[in-house]
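Notes follow the structure.
The values are calculated or read from the model by the stated rules, or taken from the named source; none is laboratory data. The shown structure was predicted, so the numbers you read here are calculated from the model rather than taken from an experiment. Cβ sites come from the backbone with ideal geometry, for glycine too, and all protein chains shown count toward neighbours. With ligands, DNA and RNA removed, areas are computed over all heavy atoms of the protein, side chains included. Shrake-Rupley method; radii C 1.70, N 1.55, O 1.52, S 1.80 Å.
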Amino acid sequence: MEGTDQISELPVSILEHIQSLLVVKDALNTSTLSKAWNSAWASLSCLNFGNDIFSKSKNIVTRILADRQKQNISIQRFMVKLPYASLTSNYVDNWINILVACNIKELSIEVERTHTYIKLPEAIFASKALNVLRLGGFELELPSDGIKFSSLRELYLADSFLDEQLLQALCASCSDLEVLSLSGFHGPISLQVAGTLPKLRAVYLEDCPDQFQMVDIAAPNLKDLEISSFCEDLHVIKITACKSLKHLELLTVEAVTDQWLEELLPNIPNLEIFHLSCCSSLKTVNISSDRLKYFQVTACNNLIEVDLDTPNLLGFLSDVRYGEDTVDPLPAFNLKASNLLEACLCLIPETLDNPWYSKLIKSLGKFNNCNAITLCCENDMEIVIPKDMRENLLPPLYDAKCLRVTIMNPLNHLVVDVVDSLLWISPQLDSLYFGCGTEDLKTLKFTYRDAADDEDEKPCCALLPWKCWRHELKKVKLNNFICMELQELRNYLLTNTDILEEIIEIPP
């Protein structure tokens, strides 16, 4: 039977949508398939040129844009990534003039900058239809006749230079702005949003420069705020009238102190996600909230106390450090959280000795009631507790049911020794996962005897707050172990259990 081109019979609007998902080079190739595809290409208003634009093809971009302008086609989206060249600015000026005339709605131009910035043409500031603007590698100055953006909703500036007046003018005049993102920028020394952006829902300030000193935000509908700086040079952060804030991340920020945090938290009662990292001025964290769901505190090296009254907390992440300059790997920690809490601890010891293992055991004990625990470490030696230490200490995670261990480097110990240590740390697990990644993840699933059989309980189990797996284990499922590891684990389990009935082995 003779085949038919059913795709070409689709409506032109659908063919145009398919082309809009392709880079222009590939979309242009489809125009030769049939008249329908060519018709769709001729009216295509979403143009993604990708990063394949070089000096010879810049003229092609100009011709495509000029053709759209001639047909009075409104361009919905224009995207391009450019290698820096001396002629780039002239091309960009021409493109922006055409795009503004074609009522561009979403514009994205990124230039791979070497030493100098490309000056942004003033014509872009007269684009009344523009909704989304993404720029990289540009110098932006306040135009002489001001900013005429009336529809701008999202602004993303990366690796760009902008003057203070421009930034303040944007905040004062773009009343529909919803997203403001500045990354690796230079020029301004402050950002002040004083109630002039009622629709603002997200602010991202990434890698704030040394001269950037102050952030002052009052935005009643702000939900996401992320701030990071290079060297803790950001000394003033004011977050006021932001009662809708749900997600707050602060990285390497000098302004985060005990008093600052104490004054801030009552004013953001809807906070659900809170990340603090590399805030060296912070010593105590006290949070009382029934809304907070995820809390992360890492590399705050002077932190000595964390007190969380957070009954709905579902996720916690922190690091466990030990070295010459570290008094205690974790601060004094008081936690009230959901029984569904999953905790992740990154182990960072400078030396491996008995004090490290003692502090590790003490720190792990603070998370005994978690639903699941993940430990991240460089080497397996960090979590293989010496046997002579185990004799005089209680297992820190005796109530935990699920333990995951991510080990970055290949194992130094035998797999059976790693399992032995982890089963001492968590002696009544339902599931144990460990390995160097998802592909090498080894798993053990445990099934114990029924509680109705307590009349056979061993004396040691009756005296302990947990059931001893050696006397309770009936079935084990081993997954993703090689033959030698399976043999060693089989011998280990059969030797150390009383009532084990079945070992199920699932090789890699």
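Summary table below
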{"read-out": "Among 504, 376, 22 - extreme Cα towards positive end, dipole of the chain, charges at beta-carbon", "value": "22"}
{"read-out": "Rg/Rh (Cα only; Kirkwood hydrodynamic radius) as it applies to the stretch 78-200", "value": "0.94"}
{"read-out": "Which of 396, 173, 443, positive extreme of dipole for the chain (C-beta unit charges)", "value": "173"}
{"read-out": "The stretch 76-149: GluC sites (Glu not before Pro) in DSSP coil with no more than 16 other Cβ atoms inside 10 Å", "value": "141"}
{"read-out": "Inter-probe distance in nm under a simple model that places probes 7 Å from Cα toward Cβ, at residue 409 and residue 163", "value": "5.4 nm"}
{"read-out": "Summed residue charge, Cβ within 10 Å of residue 475's Cβ, Lys/Arg positive, Asp/Glu negative", "value": "+2"}
{"read-out": "Kyte-Doolittle mean at least -0.5 and Cα axial length at least 27 Å: DSSP H helices in the chain", "value": "none"}
{"read-out": "Extension gain, residue 123 back to residue 235 (0.36 nm per residue minus Cα-Cα distance, nm)", "value": "36.7 nm"}
{"read-out": "D_trans [Stokes-Einstein, Kirkwood Rh over alpha-carbon pairs] for the stretch 246-396, 25 °C, 0.890 mPa s, µm² s⁻¹", "value": "152 µm²/s"}
{"read-out": "Estimated dipole of the chain in Debye, rounded to 20 [Cβ of Lys and Arg +1, of Asp and Glu -1, Cα centre]", "value": "1820 debye"}
{"read-out": "Helical contribution to [θ] at 222 nm, DSSP H n ≥ 4, -39,500 (n - 2.57), averaged over the chain, rounded to 500", "value": "-6500 deg cm²/dmol"}
{"read-out": "Full-stretch length increase - residue 70, residue 283 - with 0.36 nm per residue and alpha-carbon distance subtracted", "value": "70.3 nm"}
{"read-out": "Segment residue 503-residue 189, length gained on full extension (0.36 nm per residue, minus Cα span)", "value": "106.5 nm"}
{"read-out": "Length-normalised contact order for the stretch 462-503 - Cα pairs under 8 Å, 6+ apart - percent", "value": "57 percent"}
{"read-out": "DSSP beta bridges in the chain [antiparallel fraction, %, rounded to 5]", "value": "10 percent"}
{"read-out": "Centre separation in Å (Cα based) which lies between the stretch 241-275 and the stretch 151-218", "value": "19 Å"}
{"read-out": "Spin-label pair residue 150/residue 431, simplified geometry with 7 Å Cα→Cβ offset, distance in nm", "value": "5.6 nm"}
{"read-out": "Cut-off 19 Å, label 7 Å out along Cα→Cβ of residue 402, residues of the stretch 477-502 by amide N", "value": "477-480"}
{"read-out": "Subset of 336/362; 293/401; 362/401; 105/148; 105/238 violating a 24 Å alpha-carbon distance limit", "value": "105/238"}
{"read-out": "The chain - accessible surface per residue (Å², probe 1.4 Å)", "value": "47 Å²"}
{"read-out": "Cα principal axis extents for the stretch 181-221, largest first, Å", "value": "29, 15, 10"}
{"read-out": "Histogram of C-alpha separations across the stretch 87-155, 10 Å bin width, %", "value": "20, 57, 22, 1"}
{"read-out": "Portion, in percent, of the accessible area of the chain that falls on carbon or sulfur, probe 1.4 Å", "value": "51 percent"}
{"read-out": "Listed pairs 199/366; 243/283; 25/119; 283/359 exceeding 31 Å between Cα atoms", "value": "199/366"}
{"read-out": "The chain: relative contact order as a whole-number percent, Cα under 8 Å and 6+ apart", "value": "5 percent"}
{"read-out": "Against the rule of thumb 2.2 N^0.38 Å, how large the Cα Rg of the stretch 203-288 comes out", "value": "1.00"}
{"read-out": "When the chain is reduced to its Cα atoms, the Kirkwood hydrodynamic radius in Å", "value": "27.4 Å"}
{"read-out": "Given charges at Cβ of Lys, Arg, Asp, Glu: the chain dipole, positive-most of 186, 419, 132", "value": "132"}
